[in-house]
Amino acid sequence: MIAKCNRPFNDSEFIKKCMLAVVNEICPKKKKQFEDISLSARTCVRRTEELGTNLIFKLKEKVSKFDCFSIATDESTDVCDTAQLLIFIRGIDFNFNISEDLAELCSLKGTTTGEDLFIEIDKTFKKHLSWNKLVSVTTDGDRNMSGINKGLIGRINAEMVEERHEAPMIFHCIIHQEALCCKVLAWKDVMNIVVSTVNYIRKNALAHRQFKIFLEECDAEYGDVIYFSEVRWLSRGVVLKRFFILRNEINIFMSEKGKIVPELSNEKWVLNLAFLTDITTLLNELNTKLQSKDKLLSDMYSNIKSFQVKLKLLHKHINEQHLDHFVCCKTVLESTKSTLNWETTKINFLNIIENLQNEFSIRFSDFYVQENKIKLFQNPFSVDIDDVESNLQMEVIELQNNDILKNAFKESNDLKIFYSSLSEIDFKGIKSFAKKMITAFGSTYIYYIKKRKGEEVWLDYEQIQTEIEERGLSDETEKYRAEMEKLYYETMAECERIVRKGMSALNDLSLSDSG
């Protein structure tokens, strides 16, 4: 438990004291048995090391049964400026049992070139893995990772050629690429006003408290505004949505403070804000879909393709002033009875959608290269036989003309179950191909579990942080903060009283001296 909760090992001694105190109250006759339990820091370290050794042994045992596996690598710098390389592995055995785990966490004290990263990965492979079973590699897309000559990908490809193995499929994290596509939505004349206004409200404690009280009195939909963070993917959409909904309250509050924001009364600017809110909301929905747990690479690619089709529809609707999918824009135009010329207003909107379309067509080139494989995996019954690799064509023809398997595919909601049910004799090649596609990582981001209303909900770090901001502080935290504020002011008042008393004593002393 101490290791799981990342607590210091010497906490075990405190835990033992707590445990003995509880036993003394509940069952004092057994206190001697609990006193004999060794929970020193040294014992805790030894047992944690034993658990780690056991986990490594289990991982090696699993890996030895893999028919094939994929890796995902992510390199980032911690608070101590030490580069940390995470290597995740997902493998599949003969019976289609899938295992996913952290294979290694490597600390890089010096440089982080592609060669440095490859050396660490090669060490990991020598411990647990075999190069001939590697079928795909997913990276975060940095140059030291994705470089085809000196980058990690280049070194892995060179190693595979040297060992005479088939080159693995290469992917750049699809969620990261989607976030990069959103960079075209900078629109500084809108974001700068939003950020500066939010910062003014939040940075001053008194103004922030007054603003929250004002929203409560107005019975506003939200109780606060949120800071914008450039590095957090969902931040822009969440900040804009809340700012748009509270725009009237913010305008009144800022005016009362003498900090008038003229843009909030400008019809064109508010419409631009509404459009940016609508489009970032749609992008946040896409990002959230991509972050779902147990998402296959093919599913993530389908999400991207469907969003590209949606962009075409949105482009058409903006052109025709058909705003059913632009809720905020529709709200502004209906509430203000806008006199703006739509033909001139829509030009900026169309340009942004076109820029997004261009980004989505460029960013996912590594997935487009594997498009035929993805289509075959998603639905082997609808694929054109000419688009299938020659070593699988005969089996695919057999499969497409088997009515029983065709019906089984239609009834099945799980590709893993369908492919595992195929005959090993008749469809050995297709099953091997399916295993490769199932193990491929679409993203390098890992998920965390929490409980919500009795259900298990899987969120990544980004979603958890955004949800915390959206909900605001919990009641307990709010109460604790209020108590701390009260204590702070009481302490400051007491300090001020003591200082005044001391100054008075000094004045009396100086008067007596002068006398």
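The values are calculated or read from the model by the stated rules, or taken from the named source; none is laboratory data. Note that the coordinates shown come from a computational prediction; the quantities given were computed from them, not determined experimentally. Here the Cβ positions follow ideal geometry from the backbone for every residue, glycine too, while neighbour counts run over all protein chains shown. Note: areas computed on protein heavy atoms with side chains; ligands, DNA, RNA excluded. Shrake-Rupley method; radii C 1.70, N 1.55, O 1.52, S 1.80 Å.
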- What number goes with the only condition from (1) open to solvent by 70 Å² or more (accessible area, probe 1.4 Å); (2) part of a helix (DSSP H, G or I); (3) out of contact with any helix residue (DSSP H, G or I) (no Cβ under 7 Å at 6 or more places or on another chain) that VAL231 does not pass? (2)
- Query: Among LYS316, LYS330, which is open to solvent by 70 Å² or more (accessible area, probe 1.4 Å), touching a helix residue (DSSP H, G or I) at 6+ places or on another chain (Cβ under 9 Å) and assigned to a helix (DSSP H, G or I)?
  - Reply: LYS330
- Picking from LYS259, LYS310, LYS295, which residue would you name as being open to solvent by 40 Å² or more (accessible area, probe 1.4 Å), out of contact with any strand residue (DSSP E or B) (no Cβ under 9 Å at 6 or more places or on another chain) and in a helix (DSSP H, G or I)? LYS310
- Is at least one residue of segment 164-176 charged (D, E, K, R) and open to solvent by less than 30 Å² (accessible area, probe 1.4 Å)? no
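Residue-wise test of (1) among the charged types (D, E, K, R); (2) modelled with pLDDT under 90.
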{"position": "ASP93", "(1), (2)": "yes, no"}
{"position": "ASN97", "(1), (2)": "no, no"}
{"position": "GLU100", "(1), (2)": "yes, yes"}
{"position": "ALA103", "(1), (2)": "no, yes"}
{"position": "THR112", "(1), (2)": "no, yes"}
{"position": "GLU115", "(1), (2)": "yes, no"}
{"position": "PHE118", "(1), (2)": "no, no"}
{"position": "LYS123", "(1), (2)": "yes, no"}
{"position": "HIS128", "(1), (2)": "no, yes"}
- Condition met for GLN393 (surrounded by fewer than 18 Cβ atoms within 10 Å (Cβ to Cβ), in contact (Cβ under 8 Å) with a residue 60 or more places away in the chain and more than 30 Å from ASN272 (Cβ to Cβ)): no
- Task: Find the residue count for segment 99-118, including only residues that are farther than 15 Å from ILE153 by Cβ and surrounded by fewer than 18 Cβ atoms within 10 Å (Cβ to Cβ).
- Result: 10
- modelled with pLDDT under 80 and open to solvent by less than 60 Å² (accessible area, probe 1.4 Å), is that true of VAL45? yes
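Which residues, taken from segment 52-66, are surrounded by 11 or more Cβ atoms within 10 Å (Cβ to Cβ) and out of contact with any Ser or Thr (no Cβ under 7 Å at 6 or more places or on another chain)?
Within segment 52-66, the subset surrounded by 11 or more Cβ atoms within 10 Å (Cβ to Cβ) is 52, 55-56, 58-60, 62-66.
GLY52, LEU55, ILE56, LYS58, LEU59, LYS60, VAL63, SER64, LYS65, PHE66, listed by residue number.
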- Message: When you check LEU59 against the structure, is it part of a helix (DSSP H, G or I) and out of contact with any Pro (no Cβ under 7 Å at 6 or more places or on another chain), yes or no?
- Response: yes
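Tell me which residues, restricted to segment 161-185, are under 25 Å from LEU296 (Cα atoms) and either part of a helix (DSSP H, G or I) or within 19 Å of the chain's Cα centre (by Cα) (or both).
Hits for segment 161-185 are PHE171, HIS172, CYS173, ILE174, ILE175, HIS176, GLN177, GLU178, ALA179, LEU180, CYS181, CYS182.
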- Query: How many residues are free of Cβ contacts under 8 Å to residues at least 60 places away in the same chain, of a type outside the set (A, V, I, L, M, F, W, C) and assigned to a helix (DSSP H, G or I) if we restrict to segment 396-427?
  - Reply: 7
- Six or more apart or on different chains, Cβ under 6 Å: which pairs go from a residue in segment 134-151 that's without any contact (Cβ under 8 Å) to a residue 40 or more places away in the chain and assigned to a loop (DSSP other than H, G, I, E, B) to one that's open to solvent by 20 Å² or more (accessible area, probe 1.4 Å) and of a type in the set (D, E, K, R)? Could you list them? none
- Test: PHE96 is farther than 30 Å from SER423 by Cβ and open to solvent by less than 80 Å² (accessible area, probe 1.4 Å): no
